[in-house]
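Every number here is computed from the coordinates shown, using simple stated rules; none is lab data. Computed from a predicted structure; not experimentally measured. Neighbour counts are summed over all protein chains in view; Cβ atoms, including those assigned to glycine, are modelled from backbone coordinates with ideal geometry.
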Amino acid sequence: MNNLLVLLTLLIICLGSASGLTCYFCANCPVPFNPYASSVREVPSDSGYWAVKKSTSSQHGALATRGPAEYGLCYFRGCRWLTESTTGRQIYSCCCTSSYCNTGSKTSKLTITVFFGALALLAVNRYV
């Protein structure tokens, strides 16, 4: 019975995170990034599962744009130089697949929450 409870809880968590994502959107995002700034909005990803932070520099704190990834731009998680299809410019792009992940921080809050939630469920299941 406890194993069934653990599996159902993990299934609910995974389905909730796989239903599309919401990301931060701003053209000239504030430096340092502030998700509560008036120029920052929260929008659903048109591509479904990708959000992106783009800049002309790989330096931390560089001026960046954030938003849903254009179709075909992201095919990896993480940061690398890409050629933008509409302009042909080299853009440093950081692609991610969880809600609010395009903040520029290394790990999203959802990833940490899911990890520690699963760890806690396994620990409770083992000792109950």
Compute the signed sum of charges (Lys and Arg +1, Asp and Glu -1) over the other residues within less than 15 Å, Cβ to Cβ, of Ser57. +4
Starting from the Cα gyration tensor of region 16-106, take the square roots of the eigenvalues, sort them a ≥ b ≥ c, and report rounded, prolate or oblate (rounded when a/c is under 1.5, otherwise prolate if a/b is larger than b/c, else oblate). oblate
I need the peptides 48-61, 71-84 ranked by packing, meaning the mean over residues of other C-beta atoms within 10 angstrom, with the highest value on top. 48-61, 71-84
Phi-derived 3J(HN,Hα) across region 54-59 with the Karplus relation (6.51, -1.76, 1.60, θ = phi - 60°), rounded Hz, x for Gly and Pro, is 10, 8, 8, 9, 8, 5
